[in-house]
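Inspection log for the structure reproduced underneath, given as structure tokens.
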Amino acid sequence: MKVVLISAPYFDVYGALNVGRNHTLSLGLGYIASVLRKEANYEVYWYDPEPLGATENDIKDYLKEKSPDLVAISSATPNFKGAVKMGRLAKEVTSALVVIGGVHASAVPELTLKENPHAFDIVVIGEGELTMLELCEAIEKGRELDNVAGLLFRKNHSLHRTTKRDLITDLDSIPFPARDLVDLNLYRPQVHLYRGRKSATMITSRGCPARCTYCATQVTMGNKFRVHSAEYVVKEIEHLVKNYGIEDVIIVDDTFTINKKRVIDICNLLIEKNIKIGWFCFVRVNDASYELFELMKKAGCFSMFFGVESGDEQVLKNIKKGTTIAQARNALKISNKLGFKTMAGFMFGNPGDNKETIEKTIKLALELNPIIGSFNIMTPFPGTEEYDRYTKSHPCQIMNWDIFVPKGVTPVIELVDLTKKDLQKCIYKAYLRFYLRPLQIFRIIRNMSSFAEFRVYLRGAFGLFRRMFEWRRAGK
């Protein structure tokens with residue numbers, strides 16, 4: 001059986017912020033590919049049109065050449081338009097069944113099939129590895145799909161949803177992502193993580209016990225925190241270093257530090273094995289401790305990102321963040337002192353936000369003084385409480401998924417005390433006040449480790465300022 005896996009392109013969703021080859025590998029597809037090859041020895045291809053610079057004709061030619069039995073596409077909400085395009089092209093030039101998966105389709109599966117009958121046949125809901133394996137086996141053997149858990153498909157002119165699939169409990173049973181199916185040289189992390197070194201992304205855990213109202217992670221990964229063992233994680237890092245010459249690893253777990261003992265074990269193994277690797281991770285501010293961060297630094301961690309979100313305690317409660325401003329101050333104080341490339345994220349337009357709370361958030365960002373500050377407009381992604389809140393007040397609206405971008409020019413939401421123009425003005429002013437400080441510019445430059453990094457940052461700065469002036473014009 002032939003299977004083509006496609007990463008949906010973004011089609012310039014980020015506009016002015018697109019400043020170079022900052023493409024991220026779809027680890028979800030990589031795991032699916034490795035499972036399909038290991039368990040069933042299927043002929044699997046992994047196609048990523050965006051970093052390849054593929055045209056529409058290139059994509060058609062590729063699909064014609066491979067002539068797959070099944071095409072599976074993965075996307076989030078911002079690149080869902082790209083997924084629809086890929087599905088339509090696959091339908092035009094092949095007779096394959098077209099499957100859509102990922103967080104967007106998993107959150108709104110019925111809407112996905114109803115609105116796109118000429119693009120998709122089946123939705124894989126939630127984790128995809130075992131569902132895809134059973135789906136391929138059923139198709140290959142001509143069996144009905146009713147007994148494959150985790151699907152939505154058309155049957156007798158209506159939509160049929162199968163039972164919910166249980167989450168994978170033993171993550172170590174899954175082989176490493178099939179990175180050999182793509183050219184890793186085509187991928188590079190976002191500007192703020194690039195150090196002029198060859199890098200790769202990794203995920204070492206799934207699920208997050210937090211209940212943040214704006215996060216859709218639980219749609220595919222659930223709220224139960226599941227992990228790869230420390231031994232598995234370090235073995236994968238060794239694999240990346242030995243087989244691909246990787247120098248930096250970008251760990252994309254929602255929160256890497258929830259299980260502190262596992263983090264300590266990973267760090268100790270990296271140190272014991274003398275593995276020279278730089279790495280980045282996401283950390284909740286309430287997980288901060290000097291001893292833990294010091295060990296992470298010794299083991300190669302060069303940067304960490306904290307989701308602070310707001311400078312107002314009530315807003316933090318409204319979004320069920322589960323953290324406090326005092327914890328944010330402590331986390332940034334420790335990480336800045338230890339010399340990490342600190343990053344912090346802040347979000348405007350949360351429930352309860354107004355001009356005063358946003359001003360408090362900007363002032364907190366200046367006080368915490370991370371090296372990189374990221375300011376976003378709250379986007380009610382499908383699968384979140386904020387999406388449910390948004391659709392209740394906009395019940396008949398046809399969604400324009402193209403604007404569901406946290407750094408997009410046009411906000412999706414507006415509040416009683418904050419119009420869309422207000423939000424555009426606020427985010428423009430936040431970036432202006434944060435970055436146009438001589439000391440901050442000096443800190444960013446001092447933190448750079450290579451001329452290649454400097455060049456990428458320069459392009460990133462131009463992109464950010466272009467976007468800032470787009471916000472400024474839109475907010476007038």
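When only residues in the range 452-476 that are within 17 Å of residue 433 (Cα to Cα) and among the basic types (Lys, Arg) count, which is least open to solvent (accessible area, probe 1.4 Å)?
467
Could you identify the single residue in 268, 243, 274 that is assigned to a helix (DSSP H, G or I), open to solvent by 60 Å² or more (accessible area, probe 1.4 Å) and at pLDDT 95 or above? Walk me through it before giving the result.
Details: 268 fails: open to solvent by 60 Å² or more (accessible area, probe 1.4 Å); 274 fails: assigned to a helix (DSSP H, G or I).
So the residue among 268, 243, 274 that is assigned to a helix (DSSP H, G or I), open to solvent by 60 Å² or more (accessible area, probe 1.4 Å) and at pLDDT 95 or above is 243.
Residues 248, 254: which one is closer than 30 Å to residue 109 by Cα and buried (at least 18 other Cβ atoms within 10 Å of the Cβ)?
Values: 248 fails: closer than 30 Å to residue 109 by Cα.
Selected residue: 254, the only one of 248, 254 that is closer than 30 Å to residue 109 by Cα and buried (at least 18 other Cβ atoms within 10 Å of the Cβ).
Which of the residues belonging to the range 179-215 are under 20 Å from residue 169 (Cα atoms) and not hydroxyl-bearing (Ser, Thr, Tyr)? Before you say what the answer is, go through the steps one by one.
Of all residues in the range 179-215, those under 20 Å from residue 169 (Cα atoms) come to 202-210.
Selection gives 202, 203, 206, 207, 208, 209, 210.
Criterion first (among the aliphatic types (A, V, I, L, M), modelled with pLDDT of 95 or more and either surrounded by fewer than 21 Cβ atoms within 10 Å (Cβ to Cβ) or closer than 30 Å to residue 409 by Cβ (or both)) does residue 29 satisfy it? Break it down into steps so the answer makes sense when it comes.
Values: among the aliphatic types (A, V, I, L, M): yes; modelled with pLDDT of 95 or more: yes; either surrounded by fewer than 21 Cβ atoms within 10 Å (Cβ to Cβ) or closer than 30 Å to residue 409 by Cβ (or both): yes.
Yes; evaluated as a whole, the condition is true for this residue.
Scan the range 419-451 for residues that are more than 26 Å from the chain's Cα centre (by Cα), surrounded by 13 or more Cβ atoms within 10 Å (Cβ to Cβ) and of a type in the set (Ser, Thr, Tyr) and jot them down.
Passing the criteria: only 419.
Within the range 173-183, can one find any residue that is open to solvent by less than 40 Å² (accessible area, probe 1.4 Å), of a type in the set (D, E, K, R) and not in a loop (DSSP other than H, G, I, E, B)? Walk me through how you get there before you give the answer.
Restricting attention to the range 173-183, the residues satisfying the condition of being open to solvent by less than 40 Å² (accessible area, probe 1.4 Å) are 174-175, 177-179, 182.
Okay, now just the ones that are also of a type in the set (D, E, K, R), so 179.
Checking the rest, the ones that are also not in a loop (DSSP other than H, G, I, E, B) come to 179.
The answer is yes, given that some residue of the range 173-183 is open to solvent by less than 40 Å² (accessible area, probe 1.4 Å), of a type in the set (D, E, K, R) and not in a loop (DSSP other than H, G, I, E, B).
Kindly establish whether residue 331 is closer than 26 Å to residue 449 by Cβ, outside any strand (DSSP E or B), at pLDDT 95 or above and out of contact with any Cys (no Cβ under 6 Å at 6 or more places or on another chain). If you could, list the steps in order and put the result at the bottom.
Numbers: closer than 26 Å to residue 449 by Cβ: yes; outside any strand (DSSP E or B): yes; at pLDDT 95 or above: yes; out of contact with any Cys (no Cβ under 6 Å at 6 or more places or on another chain): yes.
So residue 331 passes the test.
Report, by residue number, each residue of the range 349-396 that is touching a Phe, Trp or Tyr at 6+ places or on another chain (Cβ under 8 Å) and assigned to a loop (DSSP other than H, G, I, E, B).
Result: 350, 370, 378, 379, 380, 381, 384.
Condition (residue is outside any loop (DSSP other than H, G, I, E, B), of a type outside the set (Phe, Trp, Tyr), closer than 14 Å to residue 97 by Cβ and open to solvent by less than 60 Å² (accessible area, probe 1.4 Å)) applied to the range 153-167: is it met by at least one residue? Steps first, answer last, please.
Narrowing the range 153-167 to residues outside any loop (DSSP other than H, G, I, E, B): 153-155, 158-161.
Then drop every residue that is not of a type outside the set (Phe, Trp, Tyr), which leaves 154-155, 158-161.
Now drop any that are not closer than 14 Å to residue 97 by Cβ, which leaves 154-155.
If we keep only those that are open to solvent by less than 60 Å² (accessible area, probe 1.4 Å) too, we end up with none.
Checking the range 153-167: not a single residue is outside any loop (DSSP other than H, G, I, E, B), of a type outside the set (Phe, Trp, Tyr), closer than 14 Å to residue 97 by Cβ and open to solvent by less than 60 Å² (accessible area, probe 1.4 Å).
Return the pair list, or none, for Cβ contacts closer than 6 Å from residues in the range 83-111 that are touching a residue at least 40 places away in the same chain (Cβ under 8 Å) to residues that are aromatic (Phe, Trp, Tyr) and assigned to a helix (DSSP H, G or I), at least 6 apart or on different chains.
Filtered contacts from the range 83-111: 104/80.
Can you pull out every residue in the range 339-368 that is in contact with a helix residue (DSSP H, G or I) (Cβ under 7 Å, 6 or more places away or on another chain), within 29 Å of residue 301 (Cα to Cα) and among the polar types (S, T, N, Q)?
Result: 342, single match.
The values are calculated or read from the model by the stated rules, or taken from the named source; none is laboratory data. Just so it is clear, the model here is predicted, and its values are computed rather than measured. Quick reminder, even Gly has a Cβ in these numbers, built from the backbone with ideal geometry, and neighbours come from all protein chains shown. With ligands, DNA and RNA removed, areas are computed over all heavy atoms of the protein, side chains included. Shrake-Rupley method; radii C 1.70, N 1.55, O 1.52, S 1.80 Å.
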